[in-house]
Amino acid sequence: YPKVYAMEEADFMSKINETKTSKKSFIEKAQGLSDEFKNLEEKAIDFEYLNHIQNYESYHSFYAKKPDFKASDDFVKPLESVDFNNAEDYATIESYKALVQRYYSNKVSSSDNPAKVFDDINKNAFPELKKDLANQLNYNIGPNNEHNEAYYNGLMVMSSDDKFKENLTTKYNKVKTLAKGMPSPEFIDYENHKGGTTSLEDLKGKYVYVDVWATWCGPCIREIPALKEVEKQFHGKNIAFVSTSIDKAKDHNTWVEMVKDKELGGMQLMADNDWKSKFVTDYAIEGIPRFILIDPNGNIISADAPRPSSPKLVELFKELSI
């Protein structure tokens with residue numbers, strides 16, 4: 001993926017065309033397969049090809065390190081003829097299902113008026129698609145989403161699952177308390193790798209940058225080198241760097257050893273009940289790594305702060321004159 005998606009449009013298109021042709025040739029030459037199976041598999045290959053086109057802009061932006069990259073109109077033209085409301089293909093072809101879910105997810109997230117997009121989906125989409133989209137888009141409700149109300153209202157109509165609606169309402173009400181300037185949820189008496197326990201209250205008077213992570217989390221571990229650099233850059237400044245592990249109790253020794261082996265800096269803490277820790281649930285954390293920035297008075301600056309690998313983090317620190 002890194003190599004192929006980093007290619008420029010022409011080379012990328014050549015590569016995925018080559019792959020599609022190769023797969024179709026393999027299916028055509030295969031012996032003992034029914035025509036029905038071959039036709040289904042060829043459709044799956046076509047949708048896989050379209051998935052690559054649809055994903056290219058965001059993946060190329062990441063792998064080629066071009067944050068402002070936009071795919072050309074000609075490049076995405078094949079997507080214009082796709083029927084994104086075919087219930088039969090959705091039920092039988094996984095690559096079509098992925099294509100459709102990504103299409104509607106992108107449509108909602110890129111819109112300046114997501115309420116209208118939700119209205120269109122709720123009026124026109126078939127039930128299974130609405131169910132899957134509700135489960136997927138629910139994760140977009142978060143502290144940095146300025147359209148949380150539109151998402152909440154749209155998803156409440158989209159889903160017919162009472163338990164889902166109950167959980168969504170709980171999350172939505174929680175996220176509303178995580179706005180900038182609101183008092184931060186607290187952690188109390190978390191085990192400190194250096195000994196004893198530490199609470200958020202102990203750090204009053206300093207900015208606090210919290211990294212919620214776990215030893216099993218690959219993306220978390222990939223942030224470690226960048227986090228070390230930021231810690232080094234702001235060493236001696238009025239900021240505490242706190243890494244809070246949500247590893248399970250059975251993995252306590254793994255956490256202890258990884259902190260040693262990777263020579264992790266800052267303040268290394270372990271949460272008291274992994275994903276169910278009150279600090280984690282109060283911040284509506286559903287995926288890690290998650291970074292939080294708290295001011296010296298214990299109020300939220302950002303409940304979903306930039307990652308250490310993002311230049312935006314140091315820019316934010318400088319804006320705050322840390």
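Please go through the range 232-252 and pick out each residue that is over 23 Å from the mean Cα position of the chain (by Cα), open to solvent by 30 Å² or more (accessible area, probe 1.4 Å) and on the phi < 0 side of the Ramachandran plot.
Of the residues in the range 232-252, the ones over 23 Å from the mean Cα position of the chain (by Cα) are 232-240, 249-252.
Narrowing the set further to residues that are open to solvent by 30 Å² or more (accessible area, probe 1.4 Å) leaves 232-233, 235-238, 249-252.
Selection gives Lys232, Gln233, His235, Lys237, Asn238, Ala249, Lys250, Asp251, His252.
Every residue, every condition in (1) of a type in the set (Gly, Ala, Ser); (2) assigned to a loop (DSSP other than H, G, I, E, B); (3) surrounded by fewer than 16 Cβ atoms within 10 Å (Cβ to Cβ), yes or no:
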{"position": "Val230", "(1), (2), (3)": "no, no, no"}
{"position": "Glu257", "(1), (2), (3)": "no, no, yes"}
{"position": "Leu269", "(1), (2), (3)": "no, no, no"}
{"position": "Thr281", "(1), (2), (3)": "no, no, no"}
{"position": "Ala284", "(1), (2), (3)": "yes, yes, no"}
{"position": "Ala305", "(1), (2), (3)": "yes, yes, no"}
{"position": "Pro308", "(1), (2), (3)": "no, yes, no"}
{"position": "Leu313", "(1), (2), (3)": "no, no, no"}
{"position": "Leu316", "(1), (2), (3)": "no, no, no"}
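Just to verify a result, which residue in the range 23-61, among those that are part of a helix (DSSP H, G or I) and over 26 Å from Phe84 (Cα atoms), is least open to solvent (accessible area, probe 1.4 Å)? By that ranking, first place goes to Ser25.
Look at the range 91-105: where a residue is among the basic types (Lys, Arg) and a partner is open to solvent by less than 20 Å² (accessible area, probe 1.4 Å), sitting 6+ places away or on another chain with Cβ atoms under 6 Å, you get Lys97/Tyr90.
Among the residues of the range 248-261, write down those that are more than 11 Å from Glu191 (Cα to Cα) and either in contact with a Leu (Cβ under 6 Å, 6 or more places away or on another chain) or free of Cβ contacts under 8 Å to residues at least 40 places away in the same chain (or both). Scanning the range 248-261 gives Lys248, Ala249, Lys250, Asp251, Asn253, Thr254, Glu257, Lys260, Asp261. For the structure I just gave you, tell me whether Ile294 is open to solvent by 10 Å² or more (accessible area, probe 1.4 Å), in contact (Cβ under 8 Å) with a residue 40 or more places away in the chain and touching a strand residue (DSSP E or B) at 6+ places or on another chain (Cβ under 6 Å). Judged against the criteria, Ile294 is not a match. Residues that are open to solvent by 30 Å² or more (accessible area, probe 1.4 Å) and either within 26 Å of the chain's Cα centre (by Cα) or closer than 24 Å to Phe126 by Cβ (or both) within the range 65-78 comprise Lys65, Lys66, Pro67, Asp68, Phe69, Lys70, Ser72, Val76, Pro78, listed in sequence order. As for the range 191-205, it holds at least one residue that is touching an Asp or Glu at 6+ places or on another chain (Cβ under 8 Å), touching a residue at least 40 places away in the same chain (Cβ under 8 Å), over 28 Å from Ala91 (Cβ atoms) and of a type in the set (A, V, I, L, M, F, W, C). The single condition among (1) touching a Phe, Trp or Tyr at 6+ places or on another chain (Cβ under 8 Å); (2) hydroxyl-bearing (Ser, Thr, Tyr); (3) part of a loop (DSSP other than H, G, I, E, B) that Ser111 does not meet is (1).
The values are calculated or read from the model by the stated rules, or taken from the named source; none is laboratory data. All values derive from a computational prediction rather than experimental measurement. Backbone-built Cβ (ideal geometry, glycine too); neighbour counts: all protein chains shown. Only protein heavy atoms, including side chains, enter the accessible area calculation; ligands, DNA and RNA are left aside. Shrake-Rupley method; radii C 1.70, N 1.55, O 1.52, S 1.80 Å.
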